[in-house]
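Okay, so here's the structure we're looking at.
Each reported figure results from applying straightforward, stated rules to the coordinates on display, with no laboratory input. Just so it is clear, the model here is predicted, and its values are computed rather than measured. Backbone-built Cβ (ideal geometry, glycine too); neighbour counts: all protein chains shown.
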Amino acid sequence: MKTLAIDELRERVRGNVIIPEDEGYDEARRVYNGMIDRHPAVVVRAVNVGDVIAGVNFARENQLDLAVRGGGHSVPGFGTCDDGLVIDLSPMRGVRVDPATATARAEGGATWGDFNAAAYPFGLATTGGIISTTGVGGLTLGGGIGYLTRGRGLSIDNLLSVDVVTADGRFLVASEREHEDLFWALRGGGGNFGVVTSFEFRLHPVKDIYGGPMFYELTEVGNILRFYRDYIAEAPEQIGAFPAFQIAPPLPFIPEDRHGDTFIAMVACWAGPLEEGERALRPFHDVAPVVAEHVGPMPYPALNSAFDPLLPPGLQHYWKASFVTELTDEAIAAHAVHGPGVPAVNSTMHIYPINGAAHRTATDATAFAYRDANFATVIAGVWPDPGRNEANIEWVRGYYEAIAPHSEEGGYINFMAGDDQDRIRVNYRGNYARLVEVKRMYDPDNLFHLNQNIRP
Ligand SMILES: Cc1cc2nc3c(=O)[nH]c(=O)nc-3n(C[C@H](O)[C@H](O)[C@H](O)COP(=O)(O)OP(=O)(O)OC[C@H]3O[C@@H](n4cnc5c(N)ncnc54)[C@H](O)[C@@H]3O)c2cc1C
């Protein structure tokens, strides 16, 4: 890139503008998935909306690929690129809670850790991710699944409005009342339509929850998954829970001689009255002997960061995902074959429930198209050693292929791999045509294409 142009960009931007010659470039180009090794021409660390507008205009005017980074957790590494421009929103992570209206505004680069820390003192929360370092931005734009989904819906179901910079450099406010089509598309359509600089959410009274992980022997897999399927269909909506294949980490609540063994686990969260928590989670104790557990009352943000130590930045990630309407006995049999092969303590498979409140929004009311599915399954291959990439990607693919015949065609875009671009149309089912229409209106030249891309 020409020095002159970069100098001009620096004049337009309040935050740091980092090019390959600059100190800190290696850190600035990196994203969470250690498998991604890309070299952008320039990284704009935006500190305000003006910086975002400058970055968008500069990329468009100079025909540069444009990557937008919120929390940087995208497994395919959409938050960075080769030779293009990255708008890194991580300096923009303020969260303002208004307890009088039970709403919060999060800047585009905030993480769920930032969000929960700001809302907790007010005894308020909304549906967010289960790891504190994940970005509010990417997670919300794809839908947003977490412990509160059954009671409070997806993250997008709690979204009231957004501030967004579109491909032509305009600043728009989108909500149910203005730019409704854009607001519709942003709720599930991912990063396709612009850079969201602020998200306004509805909050709910949630402070301390009762929950945590429980570990069962692998011989119980069929029993646990069948129980989970039947129980979660009718369970009180204050319960969020998901089963997981998990290698036991060396933690004090797990007997030392079982560290490194593989278990079928259940992670549960009761977000109702604390004193009812023990009773609410009793079914999880009655179904099979619990070998180890770390269950009890804790702050909501504590559960949402409990697994952070298993997932530091820089590990290798390859994930696959699908929605599931009926978790059949055949599907459970496939899980029982492949799940126990989970290759590293960081890897897992989760089956998130998306019934309850998430079902009460119509399939065409937002871009998120699988409102009638009951579960979102993710096979999250995560490991430290790049030398294991081939073998571990094989594990993810083999597992995915085994459950695919028992799953819906589409999957949750936020859990998808980079090689899933051919599934985008089916992920959006009947909403796809309208997404293309909105894309043509707001980004006809596909400036925002480094994402699970909806082509104009
Ligand atoms: C460890 C881990 C745990 C996870 N847990 C959950 C979970 O509990 N629930 C869940 O639903 N998902 C979860 N996910 C998936 C997660 O939702 C996606 O990885 C999501 O894309 C991450 O968002 P991000 O902002 O961190 O990522 P980024 O890589 O920064 O962005 C992802 C995509 O969103 C776009 N984007 C991000 N911010 C903005 C913005 N402000 N404006 C416009 N576009 C933007 C980017 O351009 C990119 O296309 C998890 C992922 C990881 C790696």
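Quick notes
- Kirkwood radius, segment 1-126, all distinct C-alpha pairs, inverse of mean reciprocal distance: 15.4 Å.
- Segment 1-75 - Rg over Rh from alpha carbon coordinates, Kirkwood radius: 0.94
- Here the peptides 275-283, 333-341 are ranked by packing, the mean other Cβ count within 10 Å, and the order with the highest first is 333-341, 275-283.
- Measuring between their Cα centroids, segment 101-168 and segment 175-214 lie 5 Å from each other.
- Simple rule: put +1 on each Lys or Arg Cβ and -1 on each Asp or Glu Cβ in segment 282-341, find the dipole, and look at VAL291, LEU311, SER322; the Cα lying farthest toward the positive end is LEU311.
- Lys, Arg +1 and Asp, Glu -1 on Cβ, resulting dipole of the chain about Cα centre, debye, nearest 20: 780
- For ILE247, distant residues with modelled amide H under 5 Å away: PHE263
- A simple rule links phi to the HN-Hα coupling: the Karplus curve 6.51 cos²θ - 1.76 cosθ + 1.60 with θ = phi - 60°, which for segment 432-449 gives 5, 4, 5, 4, 5, 4, 5, 4, 4, 6, 9, 8, x, 9, 6, 4, 8, 10 Hz, with x for Gly and Pro.
- For the chain, the longest principal axis of the Cα atoms and the long axis of helix 49-61 meet at an angle of about 70 degrees.
- Rounded Å value of the spacing that divides the Cα centres of segment 15-56 and segment 306-323: 23
- Annotation: the chain has a Kirkwood hydrodynamic radius of 22.3 angstrom, from the mean reciprocal C-alpha pair distance.
- Kirkwood-Stokes translational diffusion coefficient of segment 166-277, alpha-carbon pairs, 37 °C, 0.692 mPa s, µm²/s: 181
- Selection from ASN346, ILE393, THR361 lying farthest towards where the dipole of segment 322-456 points positive, charges on Cβ: THR361
- Farthest toward positive dipole pole in segment 1-140 [+1 Lys/Arg, -1 Asp/Glu at C-beta], among PHE58, PRO99, ILE18: PRO99
- Note on segment 165-317: with charges restricted to the Cβ of Lys and Arg (+1) and Asp and Glu (-1), its dipole about the Cα centre is near 220 debye.
- Estimated FRET transfer efficiency (ALA100, HIS294; beta-carbon r; R0 41 Å; 0.05): 0.70
- Among the GluC sites (Glu not before Pro) in segment 14-91, those located in a DSSP loop and surrounded by at most 15 other Cβ atoms within 10 Å of their own Cβ are GLU21, GLU23.
- Our summary gives segment 1-153 a relative contact order of 18 percent, counting only alpha carbon pairs under 8 angstrom and 6 or more residues apart.
- Mean residue ellipticity at 222 nm, helices only, the chain: -7000 deg cm²/dmol; runs of at least 4 DSSP H residues each add -39,500 (n - 2.57), and the sum is divided by the number of residues.
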